[in-house]
Amino acid sequence: MSKYEVQIPIAGYFEATVEAENEDGAIQAAWDQIDLADDADILAQITFEYLNQITTGNVLHAQLNEIAVEKVGE
């Protein structure tokens, strides 16, 4: 049986309630709250990429838009 590394793209969002002077300040305050260091061990297996936008027109800013499989051994 062979070994494979499989990458599965994940879509989602982070939600935070913050206090700020304006929308730009609110966005920065939300970014400042992103801290996943104390969450479940499964997070060690997930690579997160934080983006302001996922797409612009027909341009995808994420690293992965479909499942990727690579054979890594026998």
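The values are calculated or read from the model by the stated rules, or taken from the named source; none is laboratory data. None of these values were measured; they are calculated from a predicted model. Reconstructed Cβ throughout: ideal geometry from the backbone, glycine too, with neighbour counts over all protein chains shown.
Here are some notes:
- In region 20-67, the qualifying residues are those that are at pLDDT 85 or above and aliphatic (A, V, I, L, M), and the one that is surrounded by the fewest Cβ atoms within 10 Å (Cβ to Cβ) is V59.
- For region 57-73, a residue qualifies if it is of a type in the set (V, I, T) and farther than 16 Å from E5 by Cα, and exactly one does: V59.
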